[in-house]
1. Take the residues in the range 438-461 that are touching a Phe, Trp or Tyr at 6+ places or on another chain (Cβ under 7 Å) and assigned to a helix (DSSP H, G or I); name whichever of them is farthest from I507 (Cα to Cα).
2. Does at least one position in the range 522-533 carry a residue that is under 30 Å from A429 (Cβ atoms) and open to solvent by 80 Å² or more (accessible area, probe 1.4 Å)?
3. Report whether or not G441 is of a type in the set (G, A, S) and more than 41 Å from the chain's Cα centre (by Cα).
4. Does any residue of the range 201-216 turn out to be modelled with pLDDT under 75 and open to solvent by less than 10 Å² (accessible area, probe 1.4 Å)?
5. Would you check if there is a residue in the range 373-390 being among the aromatic types (F, W, Y), within 17 Å of V549 (Cα to Cα) and open to solvent by 10 Å² or more (accessible area, probe 1.4 Å)?
6. So which residues in the range 293-309 are open to solvent by 20 Å² or more (accessible area, probe 1.4 Å) and more than 19 Å from D218 (Cα to Cα), if there are any at all?
7. Would you check if K458 is at positive phi and not hydrophobic (A, V, I, L, M, F, W, C)?
8. Hey, among V540, V550, which residue is out of contact with any strand residue (DSSP E or B) (no Cβ under 8 Å at 6 or more places or on another chain) and free of Cβ contacts under 8 Å to residues at least 40 places away in the same chain?
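The values are calculated or read from the model by the stated rules, or taken from the named source; none is laboratory data. Computed from a prediction, not measured in an experiment: that's the story for all the values here. A quick note on method: Cβ atoms are made from the backbone with ideal geometry, for glycine too, and the neighbour counts reach across all protein chains shown. Protein only, heavy atoms only, side chains kept; ligands, DNA and RNA dropped before computing areas. Shrake-Rupley method; radii C 1.70, N 1.55, O 1.52, S 1.80 Å.
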Amino acid sequence: MSIWIVFRLLGSLALLMFGMKSMSESLQKLAGPQLRHVLGAMTTNRFTGMLTGMFVTAAVQSSTATTLMTVSFVNAGLLTLLQAISVIMGAHIGTTVTAWIMSLGFSLNISSIVYPAFFIGIILIYMKKRRIIGDFLFGVAFLFLGLGTLKETGFGLVENPETSQAISNFFAQFNDGSFINSLFFLLMGTVLTLCVQSSAAIMAITMILCSTGVLHLDQGVMLVLGENIGTTITSNIVAIGANTQARRAAFAHLAINVVGVVWVVAVLPWFLKAVCHFVGYDQASPDLAKISVVLAAFHSAFNISNTFLLIWFVPYIEKFVCWVIKSKVVDEEEDFRLHFITSGIMKTPELSVLEAHKEISSFAERMQRMFHMVRELLTEKDEQKFTNLFNRIEKYEGISDNMEVEIAKYLDQVSDAHLSDETKAKIRAMLREISELESIGDACYNMARTINRKVQGKKDHFTDKQYEHMHQMMELVNNALTQMNVLMSGRKESFDVNRSFNIENEINNFRNQLKSQNINDINNHEYTYAVGTIYMDLIVECEKLGDYVVNVVEARMGTRQKTI
């Protein structure tokens, strides 16, 4: 076989995979946040969850994207494991559209639409407002160009007597129809899909081999079944670094397809016969031109049948995956790791931004917990408990620094992708959010050090009035942090930003009032100048913390207000 033919095959596969990826990512950008809202809202029971997964996957043309999004939702706590399993089942049906697109490319000569699609696509790409549609057209064009080239190269190989004989001799070793040979093709489909990370590419190769007569239909359907298992391993790889529930959702994805393959293999002769009868294909006198339609129909029949069979057993599937993957007992609060951002593959910017947003929400909640520790530290009298609490605050300050660096690094990687203007704006806002959240951590640590300095220096105690004022100021700051976390964990459209601004104004006014009063109290010898200095250091640091909170709110809302 000529080296150029090998490169032609590999190049056409690369075109096909790039086309599918571009088309899928463009559709997800067009759908935008609506996909997330649909997934979150339309999963009230197993049947609506299944329909949601089906329509979302059909819309974005990628079951992998839907599954990864679902696993990410479970990781973020937006979906329960039960809801996720039903969505994944629906994704199995939605992904069958891809096989029919492949079949269309093999059954019809549609290369004539490829070049007009390229031409229109490049015009739309240079029109900024229509760039995503242009990317979609390029994806479609690359997909069909790759399919057409793959088809021509495949048939060219078969027409060449030397290569045709070599390929036929290899597959002739497995023509006896034994169970071992069937398992070989099942394993081959799984491994190839795992290596290529694209079931669409392996489906295209299967259609080529069957359409040229090199591969028998029963061997081809075993490859298709193997592809269904191979494509589930991607989500399991991605979920390795995720939390327990997300790993259970990914494992459920694998378990559902493995169970499906087991029962279909058990009834394969009758199942395949029914599919062939449905599409009007005669196995006794095969029509090679129609075999791609048979494979697409088999793929659809397998996924639809398996979903409608297992949808009734979703609660039992949930129990099974919970039994296999046990919960880890860890101190989430004290353990520094990114809970929602996972080092995965084949992620889209929309999914990456969602993960980063959930991680930032977790960051914000952690900073409020840190502030609660500072409030406890202020009134802690026991020396050992005081030391332990101060050490925890010190540890949290290190965690806040690490979280800022890690999230910023992740967002920097996301920004390397081809992003829409809206996604770029989100990333800029997120970078500002994490910077301000880290400043909140610094402010908390500064207050803790001030309190520690007072305790270690054996300074005079604060007066009851000072304690009362500090508690009032800290209560205002805590209210501001609470409002910030309501915004970070919810939708900004339903958030009243004026509440945060009003609290900030209260903090500023109270700071000014206490500043004036502090001077008078020192002059009246109600406490020493040293105690008054430490007291005002804490008040001023609280006011700075309030400013950082408002900056986070502004970054999230896309608004700006002058702070005093």
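1. V455
2. no
3. It is false that G441 is of a type in the set (G, A, S) and more than 41 Å from the chain's Cα centre (by Cα).
4. Yes, the range 201-216 contains at least one residue that is modelled with pLDDT under 75 and open to solvent by less than 10 Å² (accessible area, probe 1.4 Å).
5. Going through the range 373-390, the residues among the aromatic types (F, W, Y) turn out to be 386, 390.
Next, only the ones that are within 17 Å of V549 (Cα to Cα) stay: none.
No, because not a single residue in the range 373-390 is among the aromatic types (F, W, Y), within 17 Å of V549 (Cα to Cα) and open to solvent by 10 Å² or more (accessible area, probe 1.4 Å).
6. Within the range 293-309, I304, F308, L309 meet the criteria.
7. It is true that K458 is at positive phi and not hydrophobic (A, V, I, L, M, F, W, C).
8. V540 is the lone residue from the list that is out of contact with any strand residue (DSSP E or B) (no Cβ under 8 Å at 6 or more places or on another chain) and free of Cβ contacts under 8 Å to residues at least 40 places away in the same chain.
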